[in-house]
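Below: one structure, written as structure tokens.
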Amino acid sequence: MTYGWTGKILRVDLTSETLSTIDTARYVPDFVGGVGIAARIAWEELVPGIGAFDEGNILFLMTGPLTGTLASGAGRVEVLGIAPQQNPAVFSRSSMGGHWGAELKYAGFDGIVIHGEAARPVYLWVSDGKAEIRDACSTGANVWGKGTYGTTAILRGIHGPQTRVVACGQAGEVRSRIAVIQTETGNAAGQGGFGGVMGAKRLKAVAVRGTQGVRVADPQGLMDLCMHSSREGQSPHSGNYRKWIEQRQGKDGPSLRLKKCGFCATPCSYVNAENAGLPNGPTIPSVALQCWGYERLSREADAVMRAMTSDYGLNGWEISYGIIPWLQLCKQHGLVDSIEGFTIPMPEKPILYRRDAIPPSPEFLEMLIGKIALREGEFGDALADGACYAAERLFDGQGAPLLDRIYPRRAGQTSHWTGHWGTGGNIYFPHWLVPILQWCVDTRDPASDSTHQWAEHVLQYVAGNAGPRPGPISDEQARHVSATVYGHPDICDPTLTYETPEVKTIPALWHSHRAMLVNSLILCDREHSRIFSMLTEDHVADTKIMAKLFRTCTGFELSQDDLDRAGERIWNQLRAVDVRNFGRNRTVDLSSLNAFVFPGKDDGVALDQERFVGLLDNYYERSGWDPATGWPTRGRLEALGLDDVGAELTVPEEGIVTG
Amino acid sequence: MNLNLNQKPVPPKRSGVIAVDREHCLACRECEVACSLYHEGECNPYLSRIRIEFSDFDPGAPSILVCKQCDWPACAFACAALWDEPALHIDPESGARTIDPELCRGCGACLRACPLTPERTVIGIDNRERRPLYFKCDLCNGRTEGPACVQICPGEALTFIPAEKRRR
């Protein structure tokens, strides 16, 4: 009897239209689930030399052993594959909430691994242990060419109102590099361009319905744990959400409702209590109003633009924080004035940070989103690949250097909670050294699973947070928490900078390893990993909660230390895929710094690049990675039980060619 | 159960009830999972005694469907009318209108009799065995902390009202 996991992963080959299953037990408990299993399968099956839109790319839609259980945050899904948004494309990850992940577990599968490319547009229908590849252009289910909302509605009409759907929109069909995989109106796997991978595979949607449930090893234990576990997130002010609902509804009247994903205790966004619409425009289903937005538009216009973005299946984060400011920068440098007859709005003063860009009109946005989604015209076609690729193509490449303000370019994603370009909150030197380290070694914006957890905790809980608003926990208490959680008392000390590298590299690594657990178990990255708590006497959060949840759900007696080692194993497995298949090395890691050489947006402090290299050296050393190449060493891989990876990745004696 | 229609009938023991406040419900469905975990030992909203109906495309508050523990339980009368040893009984301790799965014959009389059927159905059918088994909210009979759904609800959208505090 399997507990936690359903025991089967669905494998779909769209080229031959065949279905089979993978035994989950092959990969657990060593790789936990979610990202861990996908990383391992990618290592075993993804050969070097494959591009994001190639038939050989594998798309993973993964859940974990906690998905669909009572553990808060257990509705999430991890999406992996070679990601077209990154420049160049590399194996990366994205995740989404909603109800789909739990439904897949209830339908009897721990994940779906999608190979090949269908000869005709198809969708996948999964229900209670069975799966079918179906025609996406048939009279009854003519979903190809539709937006994600229409696709969801049509598939629910066919398979029942409780069917959960993930889909790509028109943007995915035209292989936009910034196309998302959308579920319902409020959730998407946004970063990485995985909607474009679906489109390239001619896979329009995956519809799921399940009634089978997830068996757990210790029902009473899980119940007790979930009833009494903390509901604190990354801020000392979260937790009492009844109060939050009342405050919010009092402040904005009944026009706004809190919103959250399925199977989660923490609300994380808002929706308009009524469907939004512009004068003379269509009425739009209410969409989630947090995390990103077309800022400084009216709430109605913002909701309509967000809904258009979700329906076409586009990455609004990239449009709002990447493409629009980049176009304004290009105009400031005389490269462009208007698009399709619409004048690009431009601020008077130079754009140094995201906050300096000005909001476009709803009309401009409507035009821009539509052109991008359908690849219409020169601009629409170029910008559908994201600003990062468009800059190489438009204006004879003259706009490309302007991107340095906005992106670590190889990721094609704006930095976030890193103190520079400026999406996310404020974070002050030296605390932003940790996120920059995480940026250097990751394949995507590490904010969602690693940076947020460090930056928000240190900013919002600690008195000495290097910023103007001290948190509620005194520096002395923070030293105690730091010693307990990270094994070093000085991690949150705002006076320590480059000269004590371990103070930066310990949290960078700790959060990356924990992030792998969050992404593999799967939990919500807004709730985990926790460091501080306002509910315990010594302000240390329950850092063993993951092991407790894992044990009650799966029955495997792993300690938190065992589980942390699994996190490190997964992190190294992902790195190994990146090294072997995509040539990842120290040079690539350091290339991320292009976006962080400017003074910080909140403190004006500039990164000392020479001394930062010392931090990266220490990061490698502490990781057991070779400092010359940035590759995981054979010794460390073997210590993690990745002997076969170590054997394949051994650095030749003459060294590798970096470049 | 003997009902003599020439006499004023004696009502069965009253039950407590789970009161719902849909404005505070954010459709996380943790109640559904907690319910199935307590009753079935697995996480399975399909087997939950409480159901949350909502649509992401409709911004209104969700519907919370759970047994009202009626003072005059049509379900219990229907079961008793058909069977000498009725599965649907009034729990002597809590007063909860409860289905004994050992005794359920799968006839469905309770579901048909329930005034909430079909628009707001609160009696479920478990088809996993060879015969259908009907199930409904029993207020987590005997659970010291009260109904699991009430305890887990992060928004406090659910409240347990004991029999003596219920309106007539």
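Estimated at the nearest 10 Å², the accessible area of residue B:46 is 90 Å² with a 1.4 Å probe.
Of the accessible area of chain B, with the probe set at 1.4 angstrom, what percent is carbon plus sulfur? Accessible surface attributable to carbon and sulfur in chain B totals 51 percent. Mean residue ellipticity, 222 nm, helices only, chain A: the sum of -39500 (n - 2.57) across DSSP H runs of n ≥ 4, divided by residue count and rounded to 500, is -10500 deg cm²/dmol. Per-residue mean of foreign Cβ neighbours for B:43-50 is 6 (Cβ atoms of other chains, 10 Å radius). Peptides A:321-333, A:175-187, B:70-82 ordered by packing proxy, namely the average of other Cβ atoms within 10 Å per residue, highest first: A:175-187, A:321-333, B:70-82.
Mean per-residue shielding of peptide A:210-217 is 5, counting Cβ atoms of other chains within 10 Å of each Cβ.
Where both partners of a DSSP beta bridge lie in chain A, what percent of those bridges are antiparallel, to the nearest 5? Counting only bridges with both partners in chain A, antiparallel ones make up about 80 percent. Rounded is the label for chain A, because a/c, from the alpha-carbon gyration tensor with a ≥ b ≥ c as root eigenvalues, stays below 1.5. If you find the alpha carbon centre of the range A:478-549 and of the range A:260-330, how far apart are they in angstrom? The range A:478-549 and the range A:260-330 have Cα centres separated by 32 Å. Interface size between chain B and chain A, please: total buried accessible area, 1.4 Å probe, rounded to the nearest 100 Å². Summing both chains' loss of accessible area gives about 3500 Å². One decimal place: the segment residue A:587-residue A:639 gains 16.1 nm when fully extended, by the rule 0.36 nm per residue minus the C-alpha distance. For the peptides A:551-564, A:161-174, the ranking by packing is A:161-174, A:551-564, with the highest mean count of neighbouring Cβ atoms within 10 Å listed first.
Using a 4.7 Å Cβ-Cβ cutoff, the cysteines of chain B lacking any partner cysteine are B:25, B:28, B:35, B:43, B:70, B:79, B:104, B:107, B:114, B:140, B:153.
Computing FRET efficiency as 1/(1 + (r/R0)^6) for residue A:495 and residue A:349, where r is the C-beta to C-beta distance and R0 is 30 Å, gives about 0.35.
Ratio of Rg to Rh for the range A:557-606: 1.23 [Cα atoms; Kirkwood radius as inverse mean 1/r over pairs]. Residues in the range A:4-43, backbone N under 14 Å from the label point at residue A:120 (7 Å along the Cα-to-beta-carbon vector): list them, ranges by number please. Residues passing the 14 Å test: A:17. Per residue of peptide B:153-161, the mean number of Cβ atoms on other chains within 10 Å of the residue Cβ is 3. Normalised by the number of residues in the range A:433-648, the mean separation of alpha-carbon contacts (under 8 Å, six or more apart) gives a relative contact order of 19 percent. Measuring nothing but protein heavy atoms, the accessible surface of the range A:122-165 at 1.4 Å probe radius is 51 percent carbon and sulfur. Return the FRET efficiency for the residue pair residue B:93, residue A:469: r is the Cβ-Cβ distance, R0 is 41 Å, and the value is rounded to the nearest 0.05. Using R0 = 41 Å, I get an efficiency of 0.15. When each of the peptides A:85-94, B:149-158, B:56-65 is scored by the mean number of other C-beta atoms lying within 10 Å of its residues, the order from highest to lowest reads A:85-94, B:149-158, B:56-65. Summed over the residues of chain A and divided among them, the accessible surface reaches 32 Å² per residue at a probe radius of 1.4 Å. Comparing each chain alone with all protein chains together (probe 1.4 Å, DNA, RNA and ligands left out), the residues of the range A:263-277 losing at least 10 Å² of accessible area are A:263, A:264, A:265, A:273, A:275. Restricting the calculation to alpha carbons of chain B gives Rg and Dmax of 16.1, 53 angstrom. Rolling a 1.4 Å probe across all protein chains gives residue B:116 an accessible area of roughly 40 Å².
Using a Förster radius of 35 Å, what is the FRET efficiency between residue A:273 and residue B:19 based on their Cβ-Cβ separation? Nearest 0.05, please. FRET efficiency, residue A:273 to residue B:19: 0.95. Computed over neighbours whose Cβ is under 12 Å from that of residue B:39, the net charge equals -2, Lys and Arg +1, Asp and Glu -1.
The values are calculated or read from the model by the stated rules, or taken from the named source; none is laboratory data. Since this is a predicted model, take the numbers as computed values, not measurements. We place every Cβ from the backbone using ideal geometry, glycine too, and count neighbours over all the protein chains shown. Areas reflect the complete protein model, heavy atoms only, side chains present, ligands, DNA and RNA absent. Shrake-Rupley method; radii C 1.70, N 1.55, O 1.52, S 1.80 Å.
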